[in-house]
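**Student:** Dropping a structure here in structure tokens format, bear with me for questions.
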Amino acid sequence: MKSIRFIPTGVHAYFDYIGGVGLLAAPFVFGFFSVGGAAVIIPMVLGVGLILYSLLTNYELGIPGVKFIPMAYHLVFDFVAAAFLALSPFLFGFISKSPNTWLPHIIAGVAVIVLVLVSQTRYQPRASALA
């Protein structure tokens, strides 16, 4: 049976950094910065967190010599953060605001959950051409 996990860790890594920047920019891009509160704080904190734990993850775009978070743990962090992001409009009551405020939270959260489910769980570095 073919594995459902077809996204290599290197591709996932790019999504991590793009997603982190996207979360930081979301309140400005979607125009809900003026709403303030949890609607703004949650994506920004999760964006910073995503970038930080991505730098420490043992995969292609982690910092060499500092990569101590295994990819499997990284995916657990992603899943928990994404579920929290998707549920945040309900948990913090901003579902009653404009869809521009709550819809990005739900879409991004669900998209990351799907990404986690299809991403490979192990970084397999390529053998060096010089070896």
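The values are calculated or read from the model by the stated rules, or taken from the named source; none is laboratory data. Model, not experiment: these values are computed from the prediction. FYI the Cβ positions are ideal-geometry reconstructions off the backbone, even for glycines, and counts take in every protein chain you see. Please note that ligands, DNA and RNA were not included when accessible areas were found on the heavy atoms of the full protein model with its side chains. Shrake-Rupley method; radii C 1.70, N 1.55, O 1.52, S 1.80 Å.
To keep it simple, each residue is scored yes or no on (1) farther than 12 Å from residue 30 by Cβ; (2) of a type in the set (S, T, N, Q).
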residue: 84; (1), (2): yes, no
residue: 91; (1), (2): yes, no
residue: 95; (1), (2): yes, no
residue: 98; (1), (2): no, yes
residue: 105; (1), (2): no, no
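**Student:** While we're on this one: Can you tell me how many residues in segment 96-109 are open to solvent by 60 Å² or more (accessible area, probe 1.4 Å) and part of a helix (DSSP H, G or I)?
**Tutor:** 5
**Student:** Return yes when residue 84 is open to solvent by less than 60 Å² (accessible area, probe 1.4 Å) and touching a helix residue (DSSP H, G or I) at 6+ places or on another chain (Cβ under 8 Å) and no when it is not.
**Tutor:** Details: open to solvent by less than 60 Å² (accessible area, probe 1.4 Å): no; touching a helix residue (DSSP H, G or I) at 6+ places or on another chain (Cβ under 8 Å): yes.
It is false that residue 84 is open to solvent by less than 60 Å² (accessible area, probe 1.4 Å) and touching a helix residue (DSSP H, G or I) at 6+ places or on another chain (Cβ under 8 Å).
**Student:** Then there's this: Return the pair list, or none, for Cβ contacts closer than 9 Å from residues in segment 36-61 that are closer than 24 Å to residue 94 by Cβ and at pLDDT 95 or above to residues that are small (Gly, Ala, Ser) and open to solvent by 50 Å² or more (accessible area, probe 1.4 Å), at least 6 apart or on different chains.
**Tutor:** Pairs found: 40/34.
**Student:** While we're here: Could you give me the residue pairs with C-beta distances under 7 Å whose first residue belongs to segment 100-114 and is free of Cβ contacts under 8 Å to residues at least 24 places away in the same chain, whose second residue is open to solvent by less than 70 Å² (accessible area, probe 1.4 Å) wherever it lies, and which are 6+ apart or on separate chains?
**Tutor:** 106/86; 106/89
**Student:** What are the residues in segment 25-35 that are crowded, with 16+ Cβ neighbours inside 10 Å and free of Cβ contacts under 8 Å to residues at least 60 places away in the same chain, if any? Talk me through it step by step, then tell me what you get.
**Tutor:** Residues of segment 25-35 crowded, with 16+ Cβ neighbours inside 10 Å: 26-27, 30, 32, 35.
Selection gives 27 alone.
**Student:** Here's a follow-up. So how many residues does segment 39-50 have that are open to solvent by 30 Å² or more (accessible area, probe 1.4 Å) and either over 14 Å from residue 112 (Cβ atoms) or among the hydroxyl-bearing types (Ser, Thr, Tyr) (or both)? Steps first, please.
**Tutor:** To start, the set of residues in segment 39-50 that are open to solvent by 30 Å² or more (accessible area, probe 1.4 Å) comprises 41, 44-46, 48.
Adding the requirement that they be either over 14 Å from residue 112 (Cβ atoms) or among the hydroxyl-bearing types (Ser, Thr, Tyr) (or both) leaves 41, 44-45, 48.
Residues meeting the conditions: 4.
**Student:** Right, next: Conditions first: (1) buried (at least 22 other Cβ atoms within 10 Å of the Cβ); (2) within 10 Å of the chain's Cα centre (by Cα). Residue 22 passes all but one, so which condition is the exception?
**Tutor:** Answer for residue 22: the failing condition is (1).
**Student:** Residues of segment 60-82 being in contact with a Phe, Trp or Tyr (Cβ under 6 Å, 6 or more places away or on another chain) and farther than 19 Å from residue 23 by Cβ, which ones?
**Tutor:** Listed by number, the list holds a single entry, 71.
**Student:** Going residue by residue through segment 7-16, is there one that turns out to be touching a strand residue (DSSP E or B) at 6+ places or on another chain (Cβ under 6 Å) and either aliphatic (A, V, I, L, M) or open to solvent by 30 Å² or more (accessible area, probe 1.4 Å) (or both)? If you could, list the steps in order and put the result at the bottom.
**Tutor:** In the first step, residues of segment 7-16 are kept if they are touching a strand residue (DSSP E or B) at 6+ places or on another chain (Cβ under 6 Å); the result is 7, 12.
With the extra rule that they be either aliphatic (A, V, I, L, M) or open to solvent by 30 Å² or more (accessible area, probe 1.4 Å) (or both), the set shrinks to 7.
Yes.
**Student:** State whether the residues of segment 59-70 include one that is in a helix (DSSP H, G or I) and not hydroxyl-bearing (Ser, Thr, Tyr). Walk me through it before giving the result.
**Tutor:** So in segment 59-70, the residues in a helix (DSSP H, G or I) come out as none.
No, there is no match, as no residue in segment 59-70 is in a helix (DSSP H, G or I) and not hydroxyl-bearing (Ser, Thr, Tyr).
**Student:** Looking at (1) closer than 15 Å to residue 12 by Cα; (2) in contact with a helix residue (DSSP H, G or I) (Cβ under 6 Å, 6 or more places away or on another chain); (3) of a type in the set (A, V, I, L, M, F, W, C), find the lone condition where residue 114 falls short.
**Tutor:** For residue 114, the failing item is (2).
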